[in-house]
Amino acid sequence: MLFQIRDNKIKQVKEKDFKLEKDIQKFVESNMKELLDLEFIATEFSINNFRMDSLAYDNESNAFMIIEYKRGRNESLIDQGYTYLNILFDRKADFVLKYNEVNNANLKLNDIDWEQSRIIFVSPKFTEYQIKANDFKNNPIELIQITRYENDIIEMDRIKKNSNIKLDTLNRSDDDLIGKINKQVKVYEEDDHVQKASDEIKELYYKLRSTILEWDNIDLDIKKLYIAFKGKTNIIDVVIQNKNLKIFINLKKSEIDDPKEIARDITNIGHWGNGDYEILMNNDNDFEYIMSLVKQSWRKNKK
C-alpha cells in the first residue's frame with residue numbers, strides 16, 4: 001500500500017485505474033525514455049495484418065523492442081509475443097526502414113543485434129497464469145506492471161523471472177514457432193560472463209555483487225557484453241575478464257570525486273559500458289574505496 005503524509009497523519013493513496021489500453025499506450029509512448037530507457041520509434045506499427053502497439057529501439061543493446069499494452073487478463077502472452085518476434089525476424093528490412101525514416105538515419109541490417117530483440121508487455125495487472133507461463137529464464141518476453149494512483153502518481157515494476165528452466169529444454173520440433181525463435185534470440189545469463197573468470201576474479205565479482213545489491217532497489221540486467229547494475233538507469237556496468245573486472249561507472253566527466261585517481265577518464269575512448277570512467281579491479285585491496293566511487297553513481301542513478 002502507498003501512503004501520503006499530511007499534517008503528520010497518513011492517508012492511503014488509492015489506485016486510479018486506466019480506463020483504456022490506449023490510455024496506457026499514450027502515457028508510455030510520451031515518456032518512454034524516462035520509463036523504459038528506450039527510444040520511441042512508432043505507434044501502431046503494422047505489417048501485413050498484424051499491428052504492434054509501440055515500436056522502440058534500445059540503444060544500449062542495439063536492438064528493436066516491441067511493446068504491447070494489456071488491460072484484459074485472459075490473453076496468452078507467449079503466443080502473441082513469439083508471433084511478433086517471428087514477424088520481426090521475417091521482415092527485418094521493414095523495421096530498419098521505419099527507424100531510418102523516423103530518425104533520418106542510415107542504419108543497416110548488420111548494425112542491429114537481432115538476437116537481443118525483445119517483446120515487452122505493459123499491464124496494470126498480470127494473472128498468476130500469465131506470470132508462470134512466462135517464467136523461463138531464457139524467455140525473450142518481459143512483463144512490466146504499471147499502477148496509477150490518485151495525485152498523478154505512477155509506479156512501474158518489472159516482473160522478475162525466478163525459474164531455472166529453459167524453454168529450449170522442452171521437446172520442440174524445428175518448425176515449432178517457439179523453437180524457431182529461440183534459435184534466433186539469446187537471453188544472456190550471469191554465468192555466461194562469470195565462467196570467463198579465474199577463481200579469484202569470480203570471488204571478487206561475487207563480493208562486489210553482494211555489496212551493491214544490499215543497497216536500495218538495484219536490479220541486474222545481463223547484457224551481451226557486460227552485466228549492468230541498474231537503478232532508474234545503469235549505475236555500473238561490469239565486464240568480467242579472466243584476470244580482472246572492468247568496471248564502468250555511469251558518471252559524466254568531472255562528476256566523480258576520486259582523490260586517489262583510480263578511475264580512468266575514458267571520455268574520448270570507445271568502450272562498451274555507460275559513463276566516462278573505468279576501473280580495472282583484480283584484487284580487493286581498494287575494495288571499500290572503489291565502492292565509495294560506485295556509490296556516487298548509485299546516488300545519482302538510483303530509483
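The values are calculated or read from the model by the stated rules, or taken from the named source; none is laboratory data. Quantities reported herein were computed from a predicted structural model and do not represent experimental measurements. Counting neighbours? That spans all protein chains shown, and the Cβs are built from the backbone with ideal geometry, glycine included.
Annotations
- Some residue of the range 171-178 being under 23 Å from ILE66 (Cα atoms), part of a strand (DSSP E or B) and of a type in the set (Val, Ile, Thr): no
- Residues that are under 24 Å from ASN217 (Cβ atoms) and of a type outside the set (Lys, Arg), drawn from the range 248-262: PHE248, ILE249, ASN250, LEU251, GLU255, ILE256, ASP257
- Residue in the range 172-185 that is surrounded by 15 or more Cβ atoms within 10 Å (Cβ to Cβ), among the hydrophobic types (A, V, I, L, M, F, W, C), out of contact with any His (no Cβ under 9 Å at 6 or more places or on another chain) and at pLDDT 90 or above present: yes
- Filter result (closer than 27 Å to LYS98 by Cα and among the charged types (D, E, K, R)) within the range 1-57: GLU21, LYS22, ASP23, LYS26, GLU29, LYS33, GLU34, ASP37, GLU39, GLU44, ARG51, ASP53
- Contact map, the range 263-287: residues that are touching a residue at least 60 places away in the same chain (Cβ under 8 Å) paired with residues that are of a type in the set (Lys, Arg) and loosely packed, with under 14 Cβ neighbours inside 10 Å, Cβ distance under 9 Å, separation 6+ or inter-chain. Pairs shown: ASN282/LYS243; ASP284/LYS207; PHE287/LYS207.
Condition check ((1) closer than 29 Å to LEU36 by Cβ; (2) of a type outside the set (Lys, Arg); (3) not assigned by TED's automatic domain parsing to the domain that holds ARG158) across all residues:
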{"site": "TYR205", "(1), (2), (3)": "yes, yes, yes"}
{"site": "LEU213", "(1), (2), (3)": "yes, yes, yes"}
{"site": "ASN234", "(1), (2), (3)": "yes, yes, yes"}
{"site": "ILE240", "(1), (2), (3)": "yes, yes, yes"}
{"site": "PHE248", "(1), (2), (3)": "yes, yes, yes"}
{"site": "ASP257", "(1), (2), (3)": "no, yes, yes"}
{"site": "LYS260", "(1), (2), (3)": "no, no, yes"}
{"site": "TRP272", "(1), (2), (3)": "yes, yes, yes"}
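- Scanning the range 1-52 for residues that are touching a helix residue (DSSP H, G or I) at 6+ places or on another chain (Cβ under 8 Å) and part of a strand (DSSP E or B) yields a total of 9.
- Taken together, the criteria place ASN151 among residues that are out of contact with any helix residue (DSSP H, G or I) (no Cβ under 9 Å at 6 or more places or on another chain) and part of a loop (DSSP other than H, G, I, E, B).
- Within the range 124-140, the residues that satisfy the criterion of being closer than 28 Å to GLN184 by Cβ and either free of Cβ contacts under 8 Å to residues at least 24 places away in the same chain or in contact with a Phe, Trp or Tyr (Cβ under 7 Å, 6 or more places away or on another chain) (or both) are TYR129, LYS132.
- Condition broken by TYR84, with the remaining ones in (1) outside any strand (DSSP E or B); (2) surrounded by fewer than 12 Cβ atoms within 10 Å (Cβ to Cβ); (3) of a type outside the set (D, E, K, R) satisfied: (2)
- Spans of strands (runs of 3 or more DSSP E) in the range 188-291 with at least 3 residues surrounded by 18 or more Cβ atoms within 10 Å (Cβ to Cβ): 227-230, 234-240, 245-249, 277-281
- Members of the range 61-74 found to be on the phi < 0 side of the Ramachandran plot and either under 20 Å from the mean Cα position of the chain (by Cα) or surrounded by 15 or more Cβ atoms within 10 Å (Cβ to Cβ) (or both), listed by number: SER61, ALA63, PHE64, MET65, ILE66, ILE67, GLU68, TYR69, LYS70, ARG71
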